[in-house]
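Inspection log for the structure reproduced underneath, given as C-alpha cells.
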Amino acid sequence: MARWHRLQVITLTAIILALGLLLDDTVVVMENIERHYRELGKDIHSAVFDGTKEIMFADLSGTVTTMIALAPMLFVGGYPQTVFAPLVGTLLLALVASYIISVTAVPLLSLYFLSIKNPILLRVEDAFHSVVSRVNDIIQSMFASIVIAGVKFKSVALLYGVVLIALFVTSVKIVMPVVGQELMPPMDTGAVNIKITTEANLPIEKSEAIMKAVNSIVQSQGKLLRLSGSIGSEAGVMSIGSGAGVDHLSIVATYVNRHEREEDIWEIARYLRTEIAKIPNVKQLVITPYGATALASIRASVDTLLSSPDYEKLQEAGVEVEKAMNNTQGIISVSKTWDMDKVVYNLEINEQEAMEYGLNRSDVTAQIQMMLRGVPVATFPKANSMDYTVRVWLPQKQIDDFKTILTTLIVTPKGKIPLNKIATVSYSKEPSTITRDGLNYTLEVYGDREKGAISHIMANLEKEMAKISIDPSIEVEQIGDEKQFKASAERMVGAIIVAVVLILFTLIAMFNSIKISLMVLFSIPLTVIGASWTMLAIGYHVSMPAMMGFMLLSGIIVNNAILLIHFALEQMRAGMNKTEAMLESIKIRTRPVLMTAFAVSVGMLPVAQGSAIGLERLAPLGAVAIGGLIVGTFMTLVFIPLVFVWWVGEENIKKV
C-alpha cells in the first residue's frame, strides 16, 4: 500500500538537498557540451550530441551509485527508517529526475542558449571565461604536479601514503572519539517540561500553592505562547505506568520561537531550575527542554534501570547511583522514579482488650472511618439530577491530630471508652510508587543533558559508578539514549555495508573490472577525514543525521572517481599510455568535478547551518556532506589518479 508523506521538516530538508543534487548531473553534461563547443571548436549540433554521448555513461554510473547508496535506508527498519525514509524517498526521485533532465532537457536547451549571439552577452561571457580558465589552469596544474611527483619518485609516493594513513587514523582514532556520539542533536523547541515531586504526605493545598509559585516564575522568564499544568493524575482515567498522586506536579511552558527571544531554551531551563528549587517543599525537580530525547518512550538522556526482588536494597542502590550521577559532568536534573519516603500510619488494635469490651476489629474500624471520612446523615433532591448527600465528619484539625483521634470516645456494649484503651498508632515508610518488571521491583535513576555528547557523558558516568558499591544481586542496565543509539547505529552501519557491497557489484557490472570498481570505492574512505574534522570544528557529534550524511556522501563522492577513471579509460583506448591518460583526465575533468562538489555543497549549506526552526536536528547531515565532499574531492583528485597509474594494466584495458 502506498504511503504518502506530508510536508514537514524531514521532507522539506530533502527538497533542499535535492536542489543541490539536481545540479550534479546537469553541471557535468553542460560543462562537457560547452567544452566540445568552445575548446574543440565543433558546431552546435555536434558539440551537443558528442558532449552528451561522451559523458552519458559516467553520468548514469554516478546517478545509479548514489541511488544505491541511499536505497538501503528504505528497508533498514527501526528508528532510522522511520526518521529518514521520507528524506531518502524524496532524494531518490530527485536523482532520477536529475539524470533524465541532464540527458534530455539540458542538451535541447543547450542548442538554444549556445546559439545566442548577443554581442554584450558574448563579451561578458568571454571575460568571465578568461578568469575562470586561468583559475582552472592553476588548479589543474597543481593537481597534475602532485600526481606527477608521486608517479616519478617513490619516496614522494611513500610520503603521500604515510600522510594519508596518518590523517585517516587520526580522524578515526582521535578526532571521532573527541567528537563524541549522540542519538539525535538537541533542538530548541521553545518548550520546557517541568516535573516536580513534593513531600509524599503533603496536602493538595500545598501542591496548589507550589503550582502557583512555579507559574509565576515561568511567566517572568519571557513571552509565553502556552502554559499548562496538572497535579497528579486525572481522576477516573486509567494510566499504565504513568499514574501519579498529588505529590507530583507537571508543567509544560511554551515560549516564543528562538528567533524572537534572546536566551535559548537551555539558558531558560537553567534559570527556572535555580529559581524553582528555592520553593519550599520541593523534593525533586526535573526541568528539561521539550523533546530532549529523540523518542517519547525514552524517559531521559541518561537512564539507569535497577531491578531486584528486594525493594529496600533497591532503594539503597538508587541512592548510590543518584550520587554518582550528581557527580557526573554533563548530567543535569537527576531524579528517581520513586523514593522510600511515603509515611504510612498503621492502627494496631489489641483484639484481646477489644473483646473484653465486646468489640471486634470491624467494629473499631467502622467507627474510626465514620470519624475520618464522615457519615451520610441526610439527602435532599434536585430536579433531573442525583440527590445531594449531606455528610458529617470531625473538624480537619482533629483529623490531622493523632492524639485527638486516640482520645476520641468510641461506643462499646459496656459504654464509651477512649480509642487508646484498645489501640495504638505506629508508622512506617514505603515506596511512593511501586514499579515492577516481571517478578522484580524496578527503580530508574535518570538525568538529562544539555548539548554534551551522550558517549562522553556515559564514559564519565562509568567512572563515577566504579567508585560506588552496589549489591551484586541488583541488576543494572542503561536504557536511555545510549541504548537506542547502539540499536540504531547497528542498523545504520548495516545499511552502509549493504550500500557499499551493492555499489561494488554495480560498478563491476558497469566497468567489467574488479580493479576499477575497487579503485572507485577507494574514494569513500577519503571522505571520513573531511567529515570528522568538520564535525570537530563546528561542534557537532556523530548522530543518526551525521551517519545519514555519510551515506549520502558515499554515493556522491564516487561520481568524481567515475568521471576521472572513465575519461582516462577512453583516452587509453584512443592510444595514450595510462599516465598520459590520467593526466589528461585531470586536465579535462577537474573543472566539472570541482563544480559539482561546490554546487552540491552550496545546496546543503542551509541544512548545515540549521537556522530554520527544527532544522537543528538535521544540521549534522549537511555538515558531514559538505566537509566530506570538499576534502574528499581534493583527495580524490590526488589519490585516485595515483592508484590508477600504479594498479591499472595497459594490456587488459580493452576488456574494461
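The values are calculated or read from the model by the stated rules, or taken from the named source; none is laboratory data. Nothing here was measured: the structure is a model prediction, and the numbers come from that model. Note that we place each Cβ from the backbone using ideal geometry, even for glycine, and neighbour counts take in every protein chain shown. These area figures cover heavy atoms from the full protein model, side chains too; ligands, DNA and RNA do not enter into them. Shrake-Rupley method; radii C 1.70, N 1.55, O 1.52, S 1.80 Å.
List of remarks:
- Å² of accessible area per residue within the chain, as computed with a 1.4 Å probe and no ligands counted: 50 Å²
- Approximate spin-label separation Ser228-Leu111, in nm, with each point projected 7 Å along Cα-to-Cβ: 6.1 nm
- J(HN,Hα) series, the range 442-449, from Karplus relation 6.51 cos²θ - 1.76 cosθ + 1.60, nearest Hz, glycine and proline x: 10, 9, 10, 10, 9, x, 10, 10
- Taken as Cα centroids, the range 582-643 and the range 125-157 sit 19 Å apart, rounded to the nearest whole angstrom.
- In Hz, Karplus ³J(HN,Hα) per residue of the range 72-81 (6.51, -1.76, 1.60; θ = phi - 60°; x = Gly, Pro): x, 5, 6, 10, 6, x, x, 4, x, 5
- Packing rank of 268-281, 450-463, 10-23, where each peptide gets the mean count of other beta carbons within 10 Å, highest leading: 10-23, 450-463, 268-281
- Computed over all pairs of different Cα atoms, the Kirkwood value for the hydrodynamic radius of the range 304-432 is 19.0 Å.
- Taking θ as phi - 60° and the Karplus parameters 6.51, -1.76 and 1.60, the scalar couplings of the range 179-191 work out to 4, x, 10, 7, 5, 9, x, x, 9, 8, 7, x, 10 Hz in sequence order, x denoting glycine and proline.
- Simple Cβ-charge dipole of the chain, Lys/Arg +1 and Asp/Glu -1, about Cα centre, in debye nearest 20: 900 debye
- From helices alone, the chain scores -19500 deg cm²/dmol at 222 nm; the rule is -39500 (n - 2.57) for each run of n ≥ 4 DSSP H residues, then divide by the residue total.
- Unit Cα scatterers, Debye sum, the range 531-606: log10 I(q)/I(0) for q = 0.16, 0.23, 0.26, 0.27 Å⁻¹: -0.70, -1.01, -1.15, -1.20
- Coarse-grained scattering of the range 442-501 at q = 0.13, 0.22 Å⁻¹, given as base-10 log I(q)/I(0) from a Debye sum over alpha-carbon atoms: -0.51, -1.02
- Each Lys or Arg adds one and each Asp or Glu takes one away; over the other residues whose Cβ falls under 13 Å from the Cβ of Ala453, this sums to -2.
- When only alpha carbons of the chain are considered, Rg and Dmax amount to 35.8, 126 Å.
- Where the Cα pairs of the range 549-656 fall when distances are cut into 5 Å bins, in %: 2, 13, 21, 18, 14, 11, 8, 6, 4, 2, 1, 0
- Normalising by residue count, the range 115-225 has a Cα convex hull of 319 Å³ per residue.
- Value of D in µm² per second that Stokes-Einstein yields for the range 31-146, Kirkwood Rh from Cα pairs, at 4 °C (1.567 mPa s): 75 µm²/s
- Amide H contacts for Ile417 (H built 1.01 Å from N in the peptide plane; partners 5 or more residues away or on another chain; cut-off under 5 Å): Ile410, Thr412.
- Rg and Dmax, both from the Cα atoms of the range 497-565 and both in Å, are 13.4, 43.
- Summarising the amide proton neighbourhood of Gly180: residues at separation of 5 or more, or on other chains, whose placed amide H is nearer than 5 Å comprise Val542.
- Of the solvent-accessible surface of the range 369-472, computed with a 1.4 Å probe and all protein chains present, 55% belongs to carbon and sulfur.
- Amide hydrogen neighbours beyond the local backbone of Glu475, cut-off 5 Å, H modeled: Ser307
- Measuring against 29 Å, Cα to Cα, the residue pairs Lys278/Lys467; Lys342/Lys382; Lys223/Lys451; Lys206/Lys382; Lys173/Lys463 contain Lys278/Lys467; Lys342/Lys382; Lys206/Lys382 as the ones spanning a longer distance.
- Here the accessible area of the range 23-63 is 66 percent carbon and sulfur, with a 1.4 angstrom probe and all protein chains present.
- Of the trypsin sites (Lys or Arg not before Pro) in the range 351-412, the ones in a loop by DSSP (not H, G, I, E or B) with at most 15 other beta carbons within 10 Å are Lys382.
- Carbon/sulfur fraction of accessible area - the range 488-624, other protein chains in place, 1.4 Å, %: 69 percent
- Each of Val96 and Ala127 was given a label point 7 Å from its Cα along the Cα-to-Cβ line. The distance between the two points is 4.5 nm.
- When the charge dipole of the range 462-553 is built from unit charges on Cβ atoms (+1 for Lys and Arg, -1 for Asp and Glu) and taken about the Cα centre, the candidate among Val520, Ser532, Ala466 whose Cα reaches farthest toward its positive end is Val520.
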